[in-house]
């Protein structure tokens, strides 16, 4: 048992802290004030590209050397994500790059698809985005219920349907759209299709107004008889087999949920630091009730962090962590929300005025119990393991 | 960052778990009724060699630290927390002498406890009224988890005070943990056999005592969770196992989350103790967290069994009582959050990570 981090990790966290403080925090506050995502041409994104961000993890079809990209531990990612979310959680999602669909393309895409869709992200000339369109107005947690459909049309496909809450959709070069080819089969009847921006029938983009996390766009759009070729279907040939392999890995260990937990921890830490600063400024630290509240927040944040790190560490060992990952996600989101709520109480009507960062965090953090599997979905997954809750 | 126990500790844990399953759980009502563990149990305990866990190697013990202790205590308490206390001859009395007075004094202390089974008791001044004169001490402790002791160590401020005589036990019913005994302990101007002062050592001793009881609490809560979760899969209502109704399924998930998270805080604090890092606030915080979650975990386990849970035919009512009783020790919740919060606003604890080495 050993809970320290090494000097290299400490350095990575410090780099994240610098980036967060200098870039993420002001960008996030600006977007929140304007109640709109940072526009595509914002200099923030140009600086991202200058720093070498917004690139794909895919090494290219003929990588120069086998060891080009260092493999980084999940635990390391968690600690960096925690730090970045401390400064602004929304900006993490606003970052240019191939984003959510990247892993699916790497795992299941054909070489041609990787070249075509990830190639431009190898060394992007300008900020570029891609997105994954799964959620629909009538299908969120129950993804098997989605109704966007793909019908065979000669060699290609015709897509019809509507998507919502899709991150960066209006600015994406291409959208990977999940659609059903056979609704009777649920998830098994679904396929993913690349739809390039500008394709006829793709439209109706509407950037939603949100309570928080305003710095990235959550967008709805429609697919109205969108025609795509057979080559636009993710995977094609050996798809099923590869996908099965991918799914098996996903069911054994999960790194996404611990990341959400770590981001929740980062936001809660931000709340805690702000609460302590406020208490000092207003000479409240001698009051037992105030101190007890701060103690409660810090204790809960520490336990949430330990839960996230344990789930990430298990993933690093390639060990089953499904229950630990779900527990960390459920707990982290809940604690971050509670922390922000407690801290707002500390501020009283100063918080009520609506221009303190704790008030922003209170609005931002609610999303953490909704994205990447709601708290209820996590509890269902946990209960499946603990008491065999039927599907 | 490594959550692995390592082979040696795995073995220790496995040994404790087997004993708890085969010896403690089956006799938990018997031990409670007789306010003692049986002779056979004592001898099998002595055979497996866990009794000397923290005894310095120089004195023939295993010389293990806080991590080993919290792991063993959880396993034993998952069987019977009262029996766990009854089986440990030295308890946190030993680690208090170890931290405040050092290895040599601890070895002497162990050697001085020649009766079999030995029983040394730690009293924290938070849990009793203590009046101290230069060579005499008066104590009134309304509840200690013992019916007798060969020696008493009082942890009072920066001091550890050893008593070998002049104290009396008056049996009380006890809210729980009766397998270890339950008494009011009084001493009236009892002679002090030895006393040591060491502010840093006393602080570490307090951390270790809190982690000792925290890990017992984790064990009790784990047992409560596991028992009620298993029951929820067998008992049917409205046409399906009660655990398949989301109201209970989610409750069971919450209980597991709460106990897992509290355990990680206990492990992290114990690791700090063994690594020689500042541990007072982390240990208080871990202890507070265990108490905090025990307030819901114990009663919820009873709730899952409904009317059956209220009856002594099932162990969950015992888990509920004993989880609550454990949380009253070491100053309880208020003292724990007082200490955890004391320098919170001025120090980097609790959210800074410890950096170690450079590789």
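The values are calculated or read from the model by the stated rules, or taken from the named source; none is laboratory data. All values reported here derive from a predicted model rather than from experimental measurement. Backbone-built Cβ (ideal geometry, glycine too); neighbour counts: all protein chains shown.
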Considering only residues that are in contact (Cβ under 8 Å) with a residue 24 or more places away in the chain and either away from every other protein chain (no Cβ under 14 Å) or under 19 Å from the mean Cα position of the chain (by Cα) (or both), look in segment B:1-19 and name the one that is surrounded by the most Cβ atoms within 10 Å (Cβ to Cβ). B:16
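Taking the options A:38, A:19, A:29, name whichever one is more than 14 Å from every other protein chain (Cβ to nearest Cβ) and not in a helix (DSSP H, G or I).
A:38
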What single numbered condition from (1) surrounded by 24 or more Cβ atoms within 10 Å (Cβ to Cβ); (2) more than 7 Å from chain B (Cβ to nearest Cβ) fails to hold for residue A:303? (2)
Please enumerate the residues belonging to segment B:280-319 that are within 17 Å of the chain's Cα centre (by Cα), within 13 Å of chain A (Cβ to nearest Cβ) and over 28 Å from residue B:32 (Cβ atoms). B:282, B:283, B:284, B:285
Surrounded by fewer than 24 Cβ atoms within 10 Å (Cβ to Cβ) and either touching a residue at least 40 places away in the same chain (Cβ under 8 Å) or more than 24 Å from residue B:77 (Cβ to Cβ) (or both): which single residue out of B:231, B:213 fits that description? B:231
Which of (1) closer than 19 Å to residue A:158 by Cα; (2) surrounded by fewer than 20 Cβ atoms within 10 Å (Cβ to Cβ) is the odd one out, the single condition residue A:190 does not satisfy? (2)
Among the residues of segment A:107-121, is any touching a residue at least 12 places away in the same chain (Cβ under 8 Å) and within 30 Å of residue A:272 (Cβ to Cβ)? no
State whether the residues of segment B:335-349 include one that is in contact with a strand residue (DSSP E or B) (Cβ under 7 Å, 6 or more places away or on another chain), within 24 Å of residue B:126 (Cα to Cα), in contact (Cβ under 8 Å) with a residue 60 or more places away in the chain and surrounded by fewer than 24 Cβ atoms within 10 Å (Cβ to Cβ). no
Residues of segment A:270-289 being facing chain B (nearest Cβ under 9 Å) and part of a helix (DSSP H, G or I), which ones? A:272, A:273, A:276, A:279, A:280, A:288
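Matching residues to (1) surrounded by 24 or more Cβ atoms within 10 Å (Cβ to Cβ); (2) part of a loop (DSSP other than H, G, I, E, B); (3) touching a strand residue (DSSP E or B) at 6+ places or on another chain (Cβ under 6 Å):
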residue: B:21; (1), (2), (3): no, no, no
residue: B:30; (1), (2), (3): no, no, no
residue: B:52; (1), (2), (3): no, yes, no
residue: B:58; (1), (2), (3): no, no, no
residue: B:61; (1), (2), (3): no, yes, no
residue: B:75; (1), (2), (3): yes, no, no
residue: B:83; (1), (2), (3): yes, no, no
Just to be sure, is residue B:200 outside any loop (DSSP other than H, G, I, E, B) and touching a helix residue (DSSP H, G or I) at 6+ places or on another chain (Cβ under 8 Å)? no
Those residues of segment A:89-126 that are within 19 Å of residue A:50 (Cβ to Cβ) and within 18 Å of the chain's Cα centre (by Cα) come to a total of 7
When (1) under 25 Å from residue A:105 (Cα atoms); (2) modelled with pLDDT under 95 are applied to residue A:272, the one that fails is (1)
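Any residue at all in segment B:88-104 that's buried (at least 22 other Cβ atoms within 10 Å of the Cβ) and more than 21 Å from residue B:330 (Cβ to Cβ)? Steps first, answer last, please.
So in segment B:88-104, the residues buried (at least 22 other Cβ atoms within 10 Å of the Cβ) come out as B:88-101.
Those still in the list that are more than 21 Å from residue B:330 (Cβ to Cβ) too: none.
Looking for residues that are buried (at least 22 other Cβ atoms within 10 Å of the Cβ) and more than 21 Å from residue B:330 (Cβ to Cβ), one finds none in segment B:88-104, hence no.
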Answer yes or no: is there a residue in segment A:352-369 that is farther than 25 Å from residue B:228 by Cβ, more than 14 Å from chain B (Cβ to nearest Cβ), modelled with pLDDT under 95 and part of a helix (DSSP H, G or I). yes
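Identify, please: which residue in segment B:230-247 is part of a helix (DSSP H, G or I) and facing another protein chain (nearest Cβ under 8 Å) and is, among those, nearest to the chain's Cα centre (by Cα)?
It comes out as B:232.
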Qualifying positions in segment A:322-340 - within 12 Å of chain B (Cβ to nearest Cβ) and either surrounded by fewer than 24 Cβ atoms within 10 Å (Cβ to Cβ) or touching a strand residue (DSSP E or B) at 6+ places or on another chain (Cβ under 6 Å) (or both): A:323, A:334
Here are the criteria: (1) modelled with pLDDT of 95 or more; (2) in a loop (DSSP other than H, G, I, E, B); (3) surrounded by 17 or more Cβ atoms within 10 Å (Cβ to Cβ). Tell me which single one residue A:100 does not satisfy. (1)
So residue A:312 fits all but one of (1) more than 26 Å from residue A:359 (Cα to Cα); (2) at the interface with another protein chain (Cβ under 8 Å from one of its Cβ atoms); (3) buried (at least 23 other Cβ atoms within 10 Å of the Cβ); what number is the exception? (2)
Is there a residue in segment A:252-269 that is assigned to a helix (DSSP H, G or I), surrounded by fewer than 19 Cβ atoms within 10 Å (Cβ to Cβ) and away from every other protein chain (no Cβ under 12 Å)? yes
